[in-house]
Each structure stands twice: as structure tokens, then as C-alpha cells.
1. Looking at A170, A159, A163, can you tell me which residue is modelled with pLDDT of 85 or more, surrounded by 11 or more Cβ atoms within 10 Å (Cβ to Cβ), of a type in the set (G, A, S) and touching an Asp or Glu at 6+ places or on another chain (Cβ under 8 Å)?
2. Which condition breaks for Q83 when tested against (1) modelled with pLDDT of 80 or more; (2) within 17 Å of G121 (Cβ to Cβ)?
3. Where residues in segment 90-110 are touching a His at 6+ places or on another chain (Cβ under 8 Å) and either within 10 Å of T137 (Cβ to Cβ) or of a type in the set (S, T, N, Q) (or both), which of them is surrounded by the most Cβ atoms within 10 Å (Cβ to Cβ)?
4. Considering only segment 337-350, state which residues are assigned to a strand (DSSP E or B) and farther than 28 Å from L235 by Cα.
5. Can you tell which of N257, N279 is in a loop (DSSP other than H, G, I, E, B) and loosely packed, with under 14 Cβ neighbours inside 10 Å?
6. State which residue is farthest from R337 (Cα to Cα) when the search covers only segment 235-250 and only residues that are part of a loop (DSSP other than H, G, I, E, B) and touching a Leu at 6+ places or on another chain (Cβ under 8 Å).
7. Could you check segment 233-267 and list, in sequence order, the residues that are of a type in the set (A, V, I, L, M), at pLDDT below 95 and closer than 14 Å to Y333 by Cα?
8. Any residue in segment 112-120 that is among the acidic types (D, E), more than 20 Å from A166 (Cβ to Cβ) and not in a loop (DSSP other than H, G, I, E, B)?
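The values are calculated or read from the model by the stated rules, or taken from the named source; none is laboratory data. Every value quoted in this text rests on a predicted model; they were computed, and no experiment measured them. So basically every Cβ, Gly included, is an ideal-geometry build from the backbone, and we count neighbours across all protein chains shown.
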Amino acid sequence: MFVMPAFSGRVRKISNAGIEIDGVQVLDTGNYSVRVVGGSAESDVVTLQRSVDVFISDGLQTTDEHQHVTQQPVAEYDNSTHQYHVVLRCGTFTYPTHPPFDVTWETPSGQTEQSSSYKDGSFLLKLPNPVEGGTYTCRLPLSAACLHGGTGEPTLTVAKMEARLAVLEARQEGENSELKSLVRDLQNNNSDLTTKYNALENQNSDLTTKYNALNRLLNQTVSFHARLAGDKYFLPSGSTLILPTVVNNHGNAYDNNTGKFTAPFTATYCFLATTVDLNRALYAELSLVVDGTEVDYVHTNTELYFQSASVHAVLHLTAGQKVWLNVPSSNNYFWARATAFSGFLVDHAQ
């Protein structure tokens, strides 16, 4: 065996055409080959050669320069299978990314499996359900097996019942978490529905209040009829003809002290007044006014007796407006028996 100076004193032959190198260094990384040359009884020459790439790191790139197999304490949910699985970890390596090699796993039944993934310094193996109990081996490839003090084949014995129980516990915890999330969603939905219900209750209360007010308004009767208590003549010009005798005053909108009607709410009203004069020298003269503005006028003929006259108007009034009878001039005469002032609500149209 020819030994290069860099390996002097560190290499020795072992069985099966192998070599063992002591004091492995990073510079020992490279391709190693073995060639076996032999001959047969017929002097035929047979040559057999095998090669392998060996990667040597600056010390074993694990947290403690040893390789371990462990079982995650909690089963992990897999979105692809929609199941919880026991997960084995082989490591822990210090490679920031995937190492320049992969590991294989040997199951208790002797089958070889590839790692499911590499994460946080470990090769992961998700065990299929139902979990097979027994010894699992994490096997490094030959190019990565030259570890200080390590065999490159750490093992872990998985207890079947405990592993299956871990899956059931994880599933139960997941279902509990989903139920809690569902309860939170239901509580949030209930809170939202309660808020909307309260808003509808407030709207309903407001609508009920408006309905009741409108209903009262629609059912409210406004009408009046008033007459003179005695004949009136020579009333001052611009004065109000007050009819103090009230026959009807539903809604109390007519004031027999002032002779004025006050609209209780905005609506349409009808008014009319009649009178008769008994003196040829005097006459009956009336104006129907709204807040002082004339809306109708009548004047009798002084050449005849028993002249009758009337004023009337249909008016849309705003709540608070006043209507009364005005005396335009002082040369007047109003016969009490035939003088009256009336009014009533037509509709509530705004």
C-alpha cells in the first residue's frame, strides 16, 4: 500500500480491502478509491475499483459532536395526510441549511425510509399510522460517517402504545383547540348578533314612538264652532271680531277670549264665517286673516236689510300659526243670531 506524505502514520489497512484513517482533518476531504487486481487459473486479469466522496468538516457539525435520534414530545399535524404523526429527529446538526448529505432510516421491520424533511438542524421522519413499535435507526451515508467517536447509526426504540397514545393526545388537543376556536367564533358572532339585535330593538323602539305619535296625530280631531253672544256694531277699525260662545272646540285650538284659532300642528284646515246686518245705514264687513295677512274679504250692501255675507278658505298652516276674523272699518253691524265662525282639520299632510 502506497501512502502519501500527508497521511503518513495515520493510515492502516483493515479487512475487506478497507483503510482506517486516524486524526482526520478537513484537508482529508476528497475522493477515495480502492482497486482490487486479481487473476484466475487461466491467468486472466480481473480489476475491480470502487470510489467514494468523503466530506470532512472541522469537527462533527452537531451540537455535541455526536449524532442522536429522539422522538418529538408532541405528535405533529400533516396537512397532506390530515392526520397527526409521531416524528423522529436525527441530529442535531449545526448546518444552517440542508447538509451536503441525506440520511436513511431503517424501521423495525427492516424497511428503508427516506427522511420526510430537514428542519432546525435535524432530519425528520414522520411515522405512518398506526405507529410500528420497535427500533428505528438513522443511518448516515458513508461519505458522512467518519464522525469523531460515532458510528453514524444512532437508534431509538419507539414504544408502540405510547406512540399511538401520543397521536391520540395530539388529535384530542387539536380537536379541543378547534372547538375553542369555534366557541370563540360563536361568541364573537353572538356578540355581533347581540349588537345588531340591540340596534334593531332601538330602531323598532324609535319606529314605535313615531308610529304612536303619527297614530295620535291621525286620530286627533280638530274642529270648532263659535257664535256671538249679542249684536255687535261700531267696532273699532282693525279690531278682532271675538265670538265668545263656543258650541264645539275639539282639540281646544280656538280661544274664545281672543277670538283666534291656533294651529296645533302643521296640516290643512278649512275655515268659514257668516254674518248678517240689520241696519241700512251700517253694513257687515269682514276679513279672514292668517297672522295678520288677509286671505278672504266680504262687504254687504247698505241699501238693503238683512244682507248676509260669508268668508271661507282652505289653508295649509304651520303649527303655531293663528287665524281670526278682522273688522276692516268701524261703520259695522253684526247680528248675533246669524254670525258664526267655524273651522276644522282637513288632513295631516305635511
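1. Values: A159 fails: touching an Asp or Glu at 6+ places or on another chain (Cβ under 8 Å); A163 fails: touching an Asp or Glu at 6+ places or on another chain (Cβ under 8 Å).
None of the others qualify; the one that does is A170.
2. For Q83, the exception is condition (2).
3. Start the filter on segment 90-110 by keeping residues that are touching a His at 6+ places or on another chain (Cβ under 8 Å), which leaves 90-92.
Now narrow it down to the ones that are either within 10 Å of T137 (Cβ to Cβ) or of a type in the set (S, T, N, Q) (or both): 90, 92.
Working: C90: 26, T92: 17.
So the residue we want is C90.
4. First, the residues of segment 337-350 that are assigned to a strand (DSSP E or B): 340-347.
L345, V346, D347, listed by residue number.
5. Details: N279 fails: loosely packed, with under 14 Cβ neighbours inside 10 Å.
Unique residue meeting the criteria: N257.
6. In the first step, residues of segment 235-250 are kept if they are part of a loop (DSSP other than H, G, I, E, B); the result is 235-238, 241-244.
Within this subset, residues satisfying the condition of being touching a Leu at 6+ places or on another chain (Cβ under 8 Å) are 235, 241, 243-244.
Details: L235: 17, L241: 15, L243: 12, P244: 13 Å.
By that ranking, first place goes to L235.
7. To start, the set of residues in segment 233-267 that are of a type in the set (A, V, I, L, M) comprises 235, 241-243, 246-247, 253, 263, 267.
With the extra rule that they be at pLDDT below 95, the set shrinks to 235, 267.
Selection gives L235 alone.
8. Looking only at segment 112-120, we keep the residues that are among the acidic types (D, E), and these are 113, 120.
This time we only want the ones that are more than 20 Å from A166 (Cβ to Cβ), so: none.
No.
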